[in-house]
Amino acid sequence: MILYGERNPAPNPRRVRIFIAEKGIDLPESQVQMRRREHKSDEHRARNSLGQLPTLVLDDGSAISESVSICRYLDSLHPEPPMFGRDGKEAALVDMWIRRIEFQLMTPVGMFWRHAHPLTAALLTQFKDFGESNREAYERSCLWLDREIASSGPFITGETYGMADIVALTTIDFATFTGLEMPAGAESLRHWHDLVSARPSASANS
């Protein structure tokens, strides 16, 4: 197997790197440079027709894309430590939180990145007022997540670090890269961020 990814701050490839570091999986990675648009090349589109990263190519030549799907596949091969829950309830909670984070946090971050950041200005028609409007939406979502962690922490699903924490960490760190900061008063979220950032996996192949 070989993983096609990109270095930080690309959030989705980073999810997989953190995951494999937590699992202790030895998985070779080939860098596809997004700023050079290598992910949109014919060579990479043959692996992933959407021209996105990361993509995992298996030994039989088939490919799996989407970061959470890649991690689920790897989790099936390396079940310890469990990152998607130990039973049906825990698995459902992890899925719930991944979906919530992607919709509530990643969506406004992505819209801000696309429509308000200078690095993406040459790639599409930007609607900057719309882009900037996502700043407030991101702050609201951070304060919502802050309350949730305060009531159930220390990790997002409770006592156990898992895939939901990886998705949230990479989202928040990418948000900071784009210019979106955690709002004042989100102390539980900041404590969680310090906790998960201190794990060795957080700096895996950064």
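Other residues with beta-carbon under 15 Å from the beta-carbon of ALA175 carry, at +1 per Lys or Arg and -1 per Asp or Glu, a net charge of -1.
So what are region 26-145's ellipsoid semi-axes, whole angstrom, largest first, if each one is the square root of 5 times an eigenvalue of the alpha-carbon gyration tensor?
Taking √(5λ) for each Cα gyration eigenvalue gives 29, 25, 9 Å.
When only the Cβ of Lys, Arg, Asp and Glu is charged (+1, +1, -1, -1), the dipole of region 109-206 relative to its Cα centre reaches about 240 debye. Would you mind telling me the share, in percent, of accessible area of region 18-133 contributed by carbon and sulfur at probe 1.4 angstrom? Looking at region 18-133 in its full context, I get 51 percent from C and S.
The accessible area of GLU6, taken with all protein chains in place and a 1.4 Å probe, comes to roughly 30 Å². Normalised by the number of residues in region 1-101, the average gap of Cα pairs under 8 Å and 6 or more apart makes the relative contact order 26 percent. Here the dipole of region 59-131 is about 440 debye; that uses its Cα centre as origin and unit charges on the Cβ of Lys and Arg (positive) and Asp and Glu (negative).
Surface analysis of region 1-84 yields an accessible area of 50 Å² per residue, using protein heavy atoms and a 1.4 Å probe.
Compute the accessible area per residue over region 95-155, keeping the other protein chains in place, probe 1.4 Å, unit Å².
Spelled out: the 1.4 Å probe surface of region 95-155, per residue, equals 57 Å².
Of the residues ILE64, ILE25, GLY162, the one whose Cα sits farthest toward the positive end of the charge dipole of the chain, with +1 on the Cβ of Lys and Arg and -1 on the Cβ of Asp and Glu, is ILE64.
Given the chain, what percent of its DSSP beta bridges are antiparallel, to the nearest 5? If we restrict to bridges inside the chain, about 70 percent are antiparallel.
Note on LEU195 and HIS117: their simple-model spin labels are 2.7 nm apart, each label 7 Å out from Cα toward Cβ.
The values are calculated or read from the model by the stated rules, or taken from the named source; none is laboratory data. Not measured: the values here are computed from a predicted model. Cβ: placed from backbone, ideal geometry, glycine included. Neighbour counts: every protein chain shown. Please note that ligands, DNA and RNA were not included when accessible areas were found on the heavy atoms of the full protein model with its side chains. Shrake-Rupley method; radii C 1.70, N 1.55, O 1.52, S 1.80 Å.
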